[in-house]
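J.: Right, I'll just put the structure down here and ask away after.
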Amino acid sequence: MKKWWFIWILLLCRHSFSQDACLPVYDLPVQKIQLSNSLSIAYVEAGKGKSLIFIHGLGGNLLHWTKNVKELSNHYNVIAIDLPGYGHSIQNFNAGEDYLQFYANAIVEFIKKKKIKKATIAGHSMGGQIAIIAALSHPKQIKKLILLAPAGLESFTEAEAQLLINATKPEVFEKQEEAVIRTNYKQNFYQIPEDAEILIQDRLRLKTCPEFKIYTQTVSNGIKGMLHHPVKNKLNQVKQPVLILFGENDALIPNKFLHPNITRQQLLDEAGMAIKKNKIVQIKEAGHLLQYEKWQEVNAAIKQFLN
């Protein structure tokens, strides 16, 4: 009897370890807020003062904001979230047809449940497009916008959109080997820092986890969502002050394969013309994941914008 009891304990411990091993490790304690649609949003929080909420981009999690949270929490109440389907928020959910509006609504509900009157939201890449949608649909909850290498400044034809959707089905991400994953991460930087290995290992670890299919479906749906809800023609409706940050060596925006003749400067000029209250900063020797690669410069620009 004792033998079977001992085996059961070992199996239980092994199961618990495997579950924990499939979650990313953050510097701060993970908290969760339950939303009205039975989903929960995981987040970390530090500091006091003005509320600043970080939204990660496609395929990421709040690890992408680690360096920003650590320093900026000395000045503000900083919150970094895991969008549903990512990080500690991995779970099955039905976002409906408008994936990014679903995310925007979830963030606004999060703000309300945290009893924050007005928040500045900072979004990276897809997170930037989500931030724009949130500001347009829920202007009373959003005080300012910080957009880091935001998606949504570029337009895609129906044919281009379908090409992207066909090339980014869940099984494509499921089959990616380590060499491809490493190459993809390298493309996010001007010069990949040594500590980006943390992000790579997080992605490789996930490949071995039961939730991996949820993750790949979420990434694929995120791409469809960005294409389904364009915001470029609505930028002139944004009333909040906006800070746009871009790395001068961003290799992902604009899409070099589909739009070889469009420059980043063109996109920024068009966005600057459309958004009335804007400040645009380009950071030297920085790629797409600029808040990780050049966190000091990014943090300095954010502090100047918020003060």
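Each value in this text was obtained by applying a stated rule to the coordinates, not by laboratory testing. What you see is a predicted model; the values in this text were computed from it and never measured. Ideal geometry is used to build each Cβ from the backbone, glycine not excepted, and the neighbour counts take in all protein chains shown.
J.: Please list, in order along the stretch 145-160, the HN-Hα scalar couplings obtained from phi with the Karplus expression 6.51 cos²θ - 1.76 cosθ + 1.60 (θ = phi - 60°), rounded to whole Hz, x for Gly and Pro.
T.: Each residue of the stretch 145-160 in turn: 10, 10, 10, 9, 6, x, 6, x, 7, 10, 9, 10, 6, 4, 5, 5 Hz.
J.: When you count, for each residue, the other Cβ atoms within 10 Å and take the mean per peptide, how do 295-303, 56-64, 173-181, 264-272 rank with the highest first?
T.: 56-64, 295-303, 264-272, 173-181
J.: Pick from H124, H259, H88: which is most flexible by mean-square fluctuation in a GNM of the chain where alpha carbon atoms under 10 Å apart are linked?
T.: Evaluated over the chain, the most mobile residue of the options is H259.
J.: Under a cut-off of 22 Å between alpha-carbon atoms, report the lysines in cross-link reach of K112, not counting same-chain residues fewer than 8 places apart.
T.: The qualifying lysines are K32, K48, K50, K140, K143, K144, K239.
J.: Further, regarding this structure: Work out from phi, with θ = phi - 60° and the Karplus expression 6.51 cos²θ - 1.76 cosθ + 1.60, the ³J(HN,Hα) of each residue of the stretch 268-285, listed in order in whole Hz, and give x for Gly and Pro.
T.: 5, 4, 5, 5, x, 5, 7, 8, 5, 9, 9, 9, 10, 10, 10, 9, 5, 6
J.: For the stretch 28-306, what is the convex hull volume of the alpha-carbon atoms per residue, in Å³?
T.: 121
J.: Toward the positive end of the charge dipole of the stretch 28-306, about the Cα centre and with charges on Cβ (Lys, Arg +1; Asp, Glu -1), which of F189, T263, S73 goes farthest?
T.: Looking along the dipole axis, the top candidate is S73.
J.: Something else: In whole Hz, what ³J(HN,Hα) sequence does the stretch 60-67 give by Karplus (6.51, -1.76, 1.60; θ = phi - 60°), x for Gly and Pro?
T.: Computed from phi, the couplings for the stretch 60-67 are x, 7, 5, 4, 5, 10, 3, 6 Hz.
J.: Among M273, M126, M226, which comes first, then next, by fewest other beta-carbon atoms within 10 Å?
T.: The most exposed by this proxy come first: M273, M226, M126.
J.: If you don't mind, another one. Please enumerate, by chain and number, the aspartates and glutamates with C-alpha under 20 Å from the C-alpha of K70, excluding those fewer than 8 residues away in the same chain.
T.: Of all the aspartates and glutamates, those that pass the test against K70 - Cα under 20 Å, at least 8 places apart if same chain - are D27, E45, D82, E194, D195, E197, D202, E293, E297.
J.: Which ordering of T218, T168, T157 is given by a fewest-first count of other beta-carbon atoms within 10 Å? Numbers along the way, then the final one.
T.: Numbers: T218 26, T168 17, T157 9.
Arranged by neighbour count, lowest to highest, T218, T168, T157 become T157, T168, T218.
J.: Still on this model: About the Cα centre of the chain, what is the dipole size in debye to 20, counting +1 per Lys and Arg Cβ and -1 per Asp and Glu Cβ, all else neutral? Write out the running numbers ahead of the final one.
T.: Details: 37 positive and 27 negative charges, 263 e Å.
The calculated dipole for the chain is roughly 1260 debye.
J.: Please list, in chain and number order, the residues 5+ apart from N278 or on another chain whose amide H is under 5 Å from its amide H, with Hs placed from the backbone.
T.: Answer set, sorted by chain and number: V242.
J.: I need I81, I200 ordered by Cβ neighbour count within 10 Å, fewest first.
T.: So the residues, fewest neighbours to most, are I200, I81.
J.: Once you list every other residue whose beta carbon is under 12 Å from the beta carbon of V219, what net charge do they have if Lys and Arg are +1 and Asp and Glu are -1?
T.: +2
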